[in-house]
Amino acid sequence: MRHYFKQYLFFFIIVFVTFNSQAQIRDTAEWKALFAVGVNYPTTDGFVKGSYAKAVNFPTINLGIQRMLTTEYGVKLDFGFNRFKNDDDTPDFKINYSRINAQFIYDPSNLIGFLPIRMRTVLHAGPGITFAKPLGTLGENKQTFLNLLGGLELHYAINDKLSVYTDVAYIYGVTSLDDYNPVLSGLGAFNGSVFNLTFGVAVSLSGCQYCN
C-alpha cells in the first residue's frame, strides 16, 4: 500500500509542476525588452520618378521596451532602423531609414482558444517620426516626416523569461515627397511607406505582474 501511495504522490507532484510551469509561461510580464532583425521593402511611390529600391533589403533592426498595463493592453516605445538601396536598373543610392514610435499593444491570446499554451499573438500600432537620410553626396535630400505603424507579432515562449517572435509591420509615411525639378535632383529622397519582416527575442525584465 505504501509503495502505491508513493507512486501516486510522485505522479501528482509531476502533474502539479508541469501545470504550474505551463501557467507561468502563459502569464504576462509587466516589462519586456525586444530585439529583432529582418528585411524590409520600401514602396515605389516614396521615391522620385525613375528610381526605386530593391524588393528585399537588409538589414532591418528593431529595439523596443514595452509595459503591459493589464493582461491584454499595454504600451511600447521602440526604435527601428532600415537600410535600403537602389534596384539594379535605377541610379545608385543608399538610404538610412530610422524611426521612433510610441505604440499601443493589444494581446488577445487569452481570448483565442485554439492557440498552444506557449504561443501569443500581439497587435501593435501607433504614431512616430521618421528620419530618411541618403548616403554619400545625396545627403541634402534627407527627409523628416510623421509615420503611422501597425503590425502583428507571433510569440513562442521558450521559458517564463524568454520568447522568440516574428513581427510583420507596415509603416505608413503620412506626408508626400516634394516636387523636384529636374526629377533626378531628388535622387535618394524618400518619403514613402515600408514593409518590415523581422525575427527576434523578447526578454522579461520583471516577474509575473498580471497572472491569470
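The values are calculated or read from the model by the stated rules, or taken from the named source; none is laboratory data. For clarity, every value in this text was computed on a predicted model and none was experimentally measured. Cβ placement follows ideal geometry from the backbone for every residue including glycine, while neighbour counts extend to all protein chains displayed.
Can you pull out the residues in the range 63-89 that are under 19 Å from residue 192 (Cβ atoms) and under 12 Å from the mean Cα position of the chain (by Cα)? Of everything in the range 63-89, those that are under 19 Å from residue 192 (Cβ atoms) and under 12 Å from the mean Cα position of the chain (by Cα) turn out to be 80, 81.
Screening residue 114 on (1) touching a residue at least 24 places away in the same chain (Cβ under 8 Å); (2) not in a helix (DSSP H, G or I) shows it passes everything except condition (1).
Evaluated against (1) modelled with pLDDT of 95 or more; (2) in contact with a helix residue (DSSP H, G or I) (Cβ under 7 Å, 6 or more places away or on another chain), residue 118 falls short on exactly one condition, (1).
Out of all the residues in the range 93-102, is one or more closer than 19 Å to residue 48 by Cα, modelled with pLDDT under 95, in contact with a Gly (Cβ under 6 Å, 6 or more places away or on another chain) and surrounded by 15 or more Cβ atoms within 10 Å (Cβ to Cβ)?
Within the range 93-102, not a single residue is closer than 19 Å to residue 48 by Cα, modelled with pLDDT under 95, in contact with a Gly (Cβ under 6 Å, 6 or more places away or on another chain) and surrounded by 15 or more Cβ atoms within 10 Å (Cβ to Cβ).
Is it the case that the range 57-76 has a residue that's within 15 Å of residue 32 (Cα to Cα), among the acidic types (Asp, Glu) and assigned to a loop (DSSP other than H, G, I, E, B)?
yes
Consider the range 12-51 and keep the residues that are among the β-branched types (Val, Ile, Thr) and modelled with pLDDT of 90 or more. The one that is surrounded by the most Cβ atoms within 10 Å (Cβ to Cβ) is 48.
Please tell me if residue 54 is at pLDDT 95 or above and either small (Gly, Ala, Ser) or buried (at least 17 other Cβ atoms within 10 Å of the Cβ) (or both). No.
Every condition in (1) closer than 19 Å to residue 47 by Cα; (2) free of Cβ contacts under 8 Å to residues at least 40 places away in the same chain holds for residue 94 except the one numbered (2). From the list 144, 121, 130, 137, pick out the single residue that is in contact (Cβ under 8 Å) with a residue 40 or more places away in the chain and of a type in the set (Ser, Thr, Tyr). Exactly one of 144, 121, 130, 137 is in contact (Cβ under 8 Å) with a residue 40 or more places away in the chain and of a type in the set (Ser, Thr, Tyr), namely 130.
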